[in-house]
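A quick write-up on the structure given underneath.
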Amino acid sequence: MNMVSACWKYGKYFVAAWAMLLAWPLMLMGGEAIFAYALALGVIALAGDLLLGEDFIDYAGSYRYPGLFFWLETASQAIMIATTLLFLWSLAYPQVDFLGIGAALSHLTGVDLAARHAGNDWRYYLASFAITAAGGALVNVAIAHNMIHRTYDMKSVWVGRIGEAFGLFTYFSIRHPYGHHNLVGTPADPAWARRGDSFYSFVVRSIIGQYRMTWALERERLQKIGRPVWSIHNAALQGWALEAVIAVLFWAVAGWVGVLGLLGIGLVTHVLLEFANYLEHYGLVRVPSEPFQYRHAWNDNHRMSLWIVAAVPRHSHHHADAQVEHYELKPLPEAPTTLGGYVVTGLISLVPPLWHALMSPRLLEWDAHYATPAEQRLAAEENLRSGIPLLVHAGEQYLARERSNGVSAAYA
């Protein structure tokens, strides 16, 4: 029992990788079973978010062997990459047997894999894609996120970046630690959702803006050290070159179907990141010249969310000190909280009228009980431009009070 407890203590933040690993036999053997498995994973994630409650334990200092986390993170990246390559194999097989996987397994098991895969229908391919894309995105967005924050340890950064490349996501290792963390809660951050934004309008603006900022950040860095922007020293170009190599591999093995599969994985990865960005900072304002405080992020301690997104939901502490390892982030019950776990809150965000009906009162509560006077002024500006009647009314009331007190301000 002690061994099981220890394994769970260290391994609980890697459940997305373990779920991908368990999918391997189903992907290899073909048939409909993987479709049932994918549905079961979705049900478990939602039910866990609803039923397992919250975890307010502070784990700081409780891990006797913290060095294990690097190896677990590396293993998770390897599992994700292998799953992505297995998905590539499934797209081409039996016409093309990538790496001889089918022949080797048929020889070992005596099963005619070619015959089994010839009978695959849309359920097999949809489930294989969903597990590869969603699971890979969680490994990229969450676990690789924790690795690329260790800017003092380049081996962690590069393992994370290599993993990100299989989700066409290497820009994240530049834009996130050097852009998002410095600018969050201000209009300068494209990954900040302003009051009144729907998820659908936000996701497009955020993705485009983050790519632009990635290039700007890297250009500025290279100019400071006297290096040409168009050179092998450009980390953005390095990442995109690696992504291009992977795309060529997918094309060589499975043709344009392979390329579309890879692009689909990249799209899911990007969209799931934007779910996180949207949920974590929606509507919370910060004076650009002032440091980040716990109140500037929506925090969450739901157990299932902590497990599937590698403790990232303890977001208030993460932004206040990005060098704290994910497994030592504090629960901070005093921070503002999400509507529910990440799965539940993410589903709510897909219905903008419901999202705004639930979040607008919480934003006004934040204005009244968390915001400083300077932040209340910024919040009033955001309320006025939001287009949400409840928020607009609150903004107008604030403006009237300012006028009655003889204060004038320019409102956006």
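The values are calculated or read from the model by the stated rules, or taken from the named source; none is laboratory data. Model, not experiment: these values are computed from the prediction. Note that each Cβ is placed from the backbone with ideal geometry, even for glycine, and that neighbours are counted across all protein chains shown.
Of note:
- Checking Gly31 against (1) in a loop (DSSP other than H, G, I, E, B); (2) buried (at least 17 other Cβ atoms within 10 Å of the Cβ), the condition it does not meet: (2)
- Candidates are the residues of segment 198-240 that are out of contact with any Pro (no Cβ under 7 Å at 6 or more places or on another chain) and of a type in the set (Lys, Arg); the one that is nearest to Val184 (Cα to Cα) is Arg212.
- Residue match in segment 120-132 (condition: under 23 Å from Trp256 (Cα atoms), surrounded by fewer than 13 Cβ atoms within 10 Å (Cβ to Cβ) and not basic (Lys, Arg)): yes
- Boolean, Gly185 is assigned to a helix (DSSP H, G or I), touching a Pro at 6+ places or on another chain (Cβ under 9 Å) and either of a type in the set (Ser, Thr, Tyr) or within 30 Å of Leu378 (Cα to Cα) (or both): no
- Here Val139 clears all of (1) under 27 Å from Trp307 (Cα atoms); (2) touching a helix residue (DSSP H, G or I) at 6+ places or on another chain (Cβ under 7 Å); (3) surrounded by fewer than 24 Cβ atoms within 10 Å (Cβ to Cβ) except the condition numbered (3).
- Checked against the criterion of being out of contact with any Lys or Arg (no Cβ under 8 Å at 6 or more places or on another chain), among the hydrophobic types (A, V, I, L, M, F, W, C) and farther than 26 Å from Ala244 by Cβ, the candidates Ala134, Ala165, Ala103, Ala142 yield just one match: Ala103.
- Considered as a group, the residues in segment 376-396 that are in contact (Cβ under 8 Å) with a residue 60 or more places away in the chain and touching a helix residue (DSSP H, G or I) at 6+ places or on another chain (Cβ under 6 Å) include one that is surrounded by the fewest Cβ atoms within 10 Å (Cβ to Cβ), and that residue is Ile388.
- Exclusive hit being within 16 Å of Lys9 (Cα to Cα), of a type outside the set (D, E, K, R) and touching a helix residue (DSSP H, G or I) at 6+ places or on another chain (Cβ under 7 Å), set Phe98, Phe70, Phe56: Phe70
- Complete set of residues in segment 161-179 that are assigned to a helix (DSSP H, G or I) and over 13 Å from the mean Cα position of the chain (by Cα): Arg161, Ile162, Gly163, Ala165, Ile174, Arg175, Pro177, Tyr178, Gly179
- Unique residue being at pLDDT below 95, closer than 24 Å to Asp153 by Cβ and surrounded by fewer than 23 Cβ atoms within 10 Å (Cβ to Cβ) when the list is Gln238, Gln323: Gln323
Yes/no per residue for (1) free of Cβ contacts under 8 Å to residues at least 12 places away in the same chain; (2) out of contact with any Ser or Thr (no Cβ under 8 Å at 6 or more places or on another chain); (3) more than 26 Å from Ala38 (Cα to Cα); (4) hydroxyl-bearing (Ser, Thr, Tyr):
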residue	(1), (2), (3), (4)
Asp121	no, yes, no, no
Ala133	no, no, no, no
Phe169	no, no, no, no
Trp192	no, no, yes, no
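- Gly266 vs. criteria part of a helix (DSSP H, G or I) and in contact with a Lys or Arg (Cβ under 7 Å, 6 or more places away or on another chain): no
- Any hit, segment 147-168, residues being surrounded by 20 or more Cβ atoms within 10 Å (Cβ to Cβ), among the aromatic types (Phe, Trp, Tyr) and at pLDDT below 95: no
- When residues in segment 96-113 are screened for being more than 37 Å from the chain's Cα centre (by Cα) and touching a residue at least 24 places away in the same chain (Cβ under 8 Å), 1 of them pass.
- Applying the criterion of at least 3 residues that are in contact with a Cys (Cβ under 7 Å, 6 or more places away or on another chain) and over 17 Å from Ala19 (Cβ atoms) to the helices (runs of 4 or more DSSP H) found wholly in segment 41-155 leaves an empty list.
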